[in-house]
Amino acid sequence: MSKKNSTVERRSLIIEDLDFNGKVDVRELSSKLGVSEVTIRNDLAQLEKKNILIRARGGALRMDPVGIDYHISEKDKINIKAKQRIGISAAKFVGSGDTIMIDSGTTSMEFVRNLDSKLELTVITNALNIANQLHQNDNVQVIMPGGVLRKKSFSLIGTAAEKSLRNYFCDKLFLGVDGIDIENGLSTPNIEEAHFNTTMIEMSNQIIVLADSSKIGKRSLAFIGPISKIDMLITDAGITNEQKAAFENAGVKVVVA
């Protein structure tokens, strides 16, 4: 493993710890990751520059500004196992002949990787990486709306994309979000991405949200839609009993992967 790759991987693990615990300790990270405390402090300094954390005595605290917008390559390193389990579970809700919409995102990508290649499907997606994953499968027809490329998420967004999307109705939408909260609904950091996601919801019969438990109770910058719009939430075992009950009381079926 190159030094550059090991640094990226180490910082991704630090972010993952922050995501779950809300704080990290220099000594604990040094022991866990097998590097010096000086190296960990340097990692924290670099992550602070990216507005991911706030350094505190002996460690750092998670910073949760509602507008923070990670690149998809950074998201791909966070909560990998939970996303994989969610992807496996979500794929079970797809049947042959379905027309489905899939938004951009790392959890959505895990879902696509687990689709049965024998199923005959029509997939509508604005995500370049997802279209690329599916293009070699002769059983899948891929439809992409035109639009402006958002490089951070490899997705097509904007007025043209939304207008194009309104030409299609679908059976199921598989939607990844950055925040899902009973009071504040579904949200994401990018305003245009949120507008596109809202249109996806309008054109779909069944709304299935894919979100690992770290997203629950979070609110991001741009509002997508209220909880009342979604039919199912597929998440991981990190969801609390109280959170699960709250979603079920709101009429949302909760599937724990």
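Taken over region 104-132, the criterion of being of a type in the set (Ser, Thr, Tyr), over 18 Å from LEU165 (Cβ atoms) and assigned to a loop (DSSP other than H, G, I, E, B) is satisfied by SER117 alone. Return a yes/no flag: does region 148-159 have any residue that is over 26 Å from SER96 (Cβ atoms) and part of a helix (DSSP H, G or I). The answer is yes, given that some residue of region 148-159 is over 26 Å from SER96 (Cβ atoms) and part of a helix (DSSP H, G or I).
Each residue in region 125-184 was checked for being of a type in the set (Phe, Trp, Tyr) and crowded, with 16+ Cβ neighbours inside 10 Å, and 2 of them qualify.
Scanning region 40-53 for residues that are free of Cβ contacts under 8 Å to residues at least 12 places away in the same chain and either loosely packed, with under 13 Cβ neighbours inside 10 Å or more than 23 Å from the chain's Cα centre (by Cα) (or both) gives ASN42, ALA45, LYS49.
Of all residues in region 194-241, those satisfying the criterion of being modelled with pLDDT under 95 and charged (D, E, K, R) are ASP212, LYS215, LYS218, ARG219. Considering region 100-136, and only residues there that are closer than 21 Å to GLY146 by Cβ and among the small types (Gly, Ala, Ser), the residue that is modelled with the lowest pLDDT turns out to be GLY105.
Which ones in region 149-177 are of a type in the set (Lys, Arg), under 20 Å from the mean Cα position of the chain (by Cα) and modelled with pLDDT of 95 or more?
Just the residues of region 149-177 that are of a type in the set (Lys, Arg), to begin with: 150-152, 163, 166, 172.
The next check asks that each one be under 20 Å from the mean Cα position of the chain (by Cα); those that pass are 150-152, 172.
If the condition is that a residue be of a type in the set (Lys, Arg), under 20 Å from the mean Cα position of the chain (by Cα) and modelled with pLDDT of 95 or more, then LYS172 is the only one that fits.
Within region 32-69, if we keep just the residues that are at pLDDT below 80 and among the acidic types (Asp, Glu), the residue that is nearest to VAL8 (Cα to Cα) turns out to be ASP69.
The values are calculated or read from the model by the stated rules, or taken from the named source; none is laboratory data. Note that the structure is predicted; figures quoted are calculated from it, not measured. Every residue, glycine among them, receives a Cβ derived from its backbone with ideal geometry; neighbour counts consider all protein chains shown.
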